[in-house]
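Inspection log for the structure reproduced underneath, given as structure tokens.
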Amino acid sequence: MIKFVDTGSPSVIGSFGEREILYAFHDIDGTHSLIRDWPPVMSIVLHYVSENGVPDGYDSDEQVKKLVDLAGTEPLPETDSFCIESAGLSALTQMEWAIRRAIDKGHITVPCDKEQNRRKIEMIRKGEEIFEDPDTAEMTAFLTVHTPRLFKFYEKVLNGFCRDKNLEIAKKDPDRFIVSGSKEFLSMLYEKGVKNYFVTGAVVEKGMGMHEEVETLGFEIGSGKIVEDLIGSTWTDKIPKDQIMEKLLRTLGADGKNVLVVGDGRSEISAGVKMGALCVSRLEKTDTFRRNLHKTLGSNIVVESYLEEDFQALMK
Ligand SMILES: [Mg+2]
């Protein structure tokens, strides 16, 4: 167990008194690992879909290459800001947003309620993933086919743009892709008896993808190891992070107040706030937009590096 005490220091953005922490749920990308430089990739893929729809061969190898070359080359105001706001949402929801935008702009024709579609675009932007009012059968069928297909397309562009080469470099020099102080922080929690869990929106298959990345960075995963388990998403089911985290909380039989949630995305922080956890936002000092957003969401602590003295002083 580790105790966090609110000292009122500048890293505290939402008061929390005193907390006894037994479990820690950590996001991976941007929170501990820098292997996936995903925002420019997500932005170009969503931009491409919202402007072109999903024509035949939209996810061909040739298109993958085209988008790998285009990623990060020019500002894309709408999708760039969407990526910042939607960080942590299920990738399937992010793909769905682009399809809905393409429908709204007339680049995809599917029988649906246009007004309802517009509302859902706004709701996704606000961080919602599950909707009560159903889509038409045609719309549901269209999303069921194309969101997983686009998710795979996005991963291919991501692999080509940064993931594969960064992983190769990380195999020789892992520290280049680890957030400052991340390893020390996780080890310290582990030594104090806190059980660490990685929770990601990426698909987790042993020895591949995110699993391989985390192990390359030197985090051992397994029962009794520094990271107890790595819990991820699937290619086909939209599972919001709050549901993944609530399920984990129930499985552990834990109380939210004894949980620490560490992340850089809106969805894990919102989920943490909802379950009454102590929330730590890992955000660059220059990232004023997201620092303000996370404060509004109800996060408790903000850090850029886990080594910051201010942050260290909160732990007893
Ligand atoms: Mg993240």
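Taken together, the values in this text are just the output of simple stated rules run on the coordinates, not laboratory data. Predicted model only: the values in this text are computed from it and were never measured. Note that each Cβ is placed from the backbone with ideal geometry, even for glycine, and that neighbours are counted across all protein chains shown.
Note on Asp173/Ala313: beta-carbon distance plugged into 1/(1 + (r/R0)^6) with R0 of 25 Å gives a FRET efficiency of 0.25. Projected over every direction and averaged, the convex hull enclosing the alpha-carbon atoms of the chain yields 15.8 nm². With angles folded into 0 to 90 degrees, how steeply does helix 241-252 sit against the dominant principal axis of the chain? Use alpha carbons for both and round to 10. That helix lies at roughly 40 degrees to the long axis. Label positions at Thr296 and Ala137, each projected 7 Å from the Cα along the C-beta direction, are separated by 4.1 nm. Seen against the Cα atoms of the chain and their longest principal axis, helix 114-125 is set at about 30 degrees.
Let me spell out the model: positive unit charges on the Cβ of Lys and Arg, negative unit charges on the Cβ of Asp and Glu, origin at the Cα centre of segment 1-50. What dipole size does that give, in debye rounded to 20?
Values: 3 positive and 6 negative charges, 9 e Å.
Magnitude of the dipole: close to 40 debye.
With the highest mean first, a sort of the peptides 158-169, 189-200 on other beta-carbon atoms found within 10 angstrom per residue produces 189-200, 158-169.
In terms of Cα atoms, the Rg and Dmax of segment 39-172 work out to 15.0, 52 Å.
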